[in-house]
Structures are given as C-alpha cells and as structure tokens.
Amino acid sequence: MKKILIVEDDTSINHLLKEALTKEGYACDQAFSGTEAGMLLQMNSYALVLLDLMLPGIPGEEVLEQIRKSGTTPVIVLTAKNELQEKVDVLTGGADDYITKPFEIKEVLARVQVQLRHLSRAPEQAVLSHKALTLDRNTFLASISGTELPRITKQEFAILELLLKHPKQVFSKEDIFEYAWEEPYMGETKTLDVHISNIRKKIKTLTDEDYIETVWGIGYRLKP
C-alpha cells in the first residue's frame, strides 16, 4: 500500500484529503505544520507528498527543500497563491506539480495517480553502491570492495536495497519491515533488529567500517 504525507494546516482540508485518498486505497499520514512534516519525513518514507506552502512553523518552501535534499519523492504543492511567477518558482524549486486552491478533490486524485504512475515507470538502477558496498539487483549479490558478503538472505538484501536507494533518509522500523518482508508491521521489532545485527556482522567480516547507523527513537539509515 502506497503511503502519502498530507501537509496542510487547514484541518478540514487535511481531513478531506485523507478521507478521499484512503477511499482510493492509499495509506496517509497527516501533518498540520511544517515542523511536524519535517519530523514525519525523518521517520518515514512516502510515495508522494501533498504540500501546502503557507504553514505554521517551517515554511512549505523549506519542507520542499528538505524533501529534495533526501531524495526524489514526488511533491504536489497545494496553495492559494495563483500568480504565474510563484508557480514557476515552486516548480523550479523542486515541486512536481501545482494545484491552486480551491480545488476539486477529483483533480487532486487524478494528479496523484499521474505522479505515482510516472514513479512506477521510472527505471530502477540495477546496481546500487555506497562507499565500498555494492548491491547487484540482477544477480542478488552484495559485496564489499568486490568480495561477496557471506550467505546474505532475501530480507537482508532488501534492507540494504532500501537503505542504498535512499542514502540520506532515516527509515522507521515499520518502513523497513514492510519493505523487506512485504507484510504489515505488527509492532514487534526483534526480528528486524536481529537481521540488522546479522548484516552488520557479515559486513564486519570484510571491513571495519560501519554502514548502518542506528537513529535512536526512529530507526536506521545508511551511515554517511
């Protein structure tokens, strides 16, 4: 299930968007300020972000900048600003689309579908790498400086794959579990923690460098 972050300080609009998107089969997180959005973006990964610009706390433009620094997540801006130059500035600043308020919910849903369709068509890299660590998604091999990691499992490979696809992003345990096991996360963390520990041990057989960093209270990320 694709997860969408709704960043909108108007409570009624935020709830309206969540209700409509949920009916279409999307999972949704809600943020009512730029500060709250920034925290959620650090803890979770999203298929798409609906972003208002005029927010309390961190302005929407700064939230957009934060998203672009950490990856290529599609962003649709929702705003009452209607001047041409403002639209141009937002699009050149990293937004993928722009919808002016007031809007019809059908238009929002259609534009969300278009962005996600573009995302699904984007070709994925066959080889992912970070420092000396390389993952070959065609051969299902992980290696350090050309030497294969010993007996890597499907879930261990998937965990590394997710981290290498988004090297600057912090992932919650829920996000990692659902990506690697392809099933709903039920709150139990021991299984994931054991797999992370096993990955670290296997990497340590080939190098003293750490590749997975624990972000306390949130989850894990690739160590810079």
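Considering only L40, L50, S145, whose Cα is most displaced toward the positive end of the charge dipole of the chain, charges sitting on Cβ of Lys, Arg (+1) and Asp, Glu (-1)?
Selected residue: S145.
Enumerate the calculated ³J(HN,Hα) couplings along the stretch 138-143 in order (Karplus 6.51 cos²θ - 1.76 cosθ + 1.60, θ = phi - 60°), each rounded to whole Hz, writing x wherever the residue is Gly or Pro.
7, 9, 6, 10, 10, 9
So who's got an amide H within less than 5 Å of the one on Y98, skipping anything under 5 residues away but keeping other chains? H placed 1.01 Å off N, in plane.
When sequence neighbours closer than 5 places are left aside, the close amide H contacts are V77.
For a quick check: with amide H placed at 1.01 Å from N, whose amide H comes under 5 Å from L141's, ignoring anything fewer than 5 positions away on the same chain?
Here D136 satisfy the definition.
For the stretch 124-224, run through the trypsin sites (Lys or Arg not before Pro) and keep only the ones in DSSP coil with at most 16 other Cβ atoms within 10 Å of their Cβ.
Qualifying residues, ordered by number: K131, R137, R151, K168.
On a 0 to 90° scale, report how tilted helix 154-165 is relative to the longest principal axis of the chain, with both axes built from alpha carbons and the result rounded to the nearest 10.
The angle comes out near 50 degrees.
Kindly provide the helix-only [θ] at 222 nm of the chain, computed as the sum of -39,500 (n - 2.57) over DSSP H runs of four or more divided by all residues, to the nearest 500 deg cm²/dmol?
-13500 deg cm²/dmol, from helical runs alone.
Loop only by DSSP, 12 or fewer other Cβ within 10 Å of the Cβ. Give me the GluC sites (Glu not before Pro) in the stretch 62-142 that pass, ordered by residue number.
Sites meeting the loop and neighbour criteria: E83, E104, E124.
Can you tell which of V88, V63, V112 shows the greatest fluctuation in a Gaussian network model of the chain with Cα springs below 10 Å?
Most flexible of the set in this elastic network: V88.
Please find, in a Gaussian network model of the chain (springs between Cα atoms separated by less than 10 Å), the residue of G94, G57, G34 whose mean-square fluctuation is greatest.
It is G57.
Determine the percent antiparallel among the DSSP beta bridges restricted to the chain, to the nearest 5.
Taking every DSSP beta bridge with both residues in the chain, the antiparallel ones total about 50 percent.
Measuring from centroid to centroid over Cα atoms, what is the spacing of the stretch 97-115 and the stretch 26-40 in Å?
Going from one Cα centre to the other spans 18 Å.
On a 0 to 90° scale, report how tilted helix 60-70 is relative to the longest principal axis of the chain, with both axes built from alpha carbons and the result rounded to the nearest 10.
That helix lies at roughly 20 degrees to the long axis.
Normalized C-alpha radius of gyration of the chain, against 2.2 N^0.38 Å?
1.10
Using only Cα atoms, tell me the angle between helix 105-121 and the longest principal axis of the chain; keep it within 0 to 90° and round to the nearest 10.
Once rounded, one gets 30 degrees.
Given Cα pairs under 8 Å that are at least 6 residues apart, what percent is the relative contact order of the chain?
RCO, the chain: 15 percent.
7 Å from Cα along Cα→Cβ at both A126 and T207: what's the point-to-point distance in nm?
So the two model labels end up 2.3 nm from each other.
Do any of K3/K168; K3/K223; K3/K81; K69/K131; K23/K101; K87/K223 go past 31 Å between their Cα atoms, and which?
K87/K223
Cα atoms only: what Rg and Dmax, in Å, come out for the stretch 3-121?
Gyration radius and largest Cα-Cα distance of the stretch 3-121: 12.8, 35 Å.
Taking the Cα of K154, stepping 7 Å toward and past its beta carbon, and measuring to each backbone N in the stretch 167-182: which are under 11 Å?
It comes to 181-182, nothing else.
With θ taken as phi - 60° and the coefficients 6.51, -1.76 and 1.60, list the Karplus ³J(HN,Hα) couplings across the stretch 84-96 in order, rounded to whole Hz; mark glycine and proline as x.
4, 5, 5, 4, 4, 4, 5, 5, 6, x, x, 6, 8
Since every read-out is calculated from the coordinates, none of them should be taken as a lab result. These numbers come from a predicted model, not from an experiment. Virtual Cβ from ideal backbone geometry, glycine too; neighbours counted across all protein chains shown.
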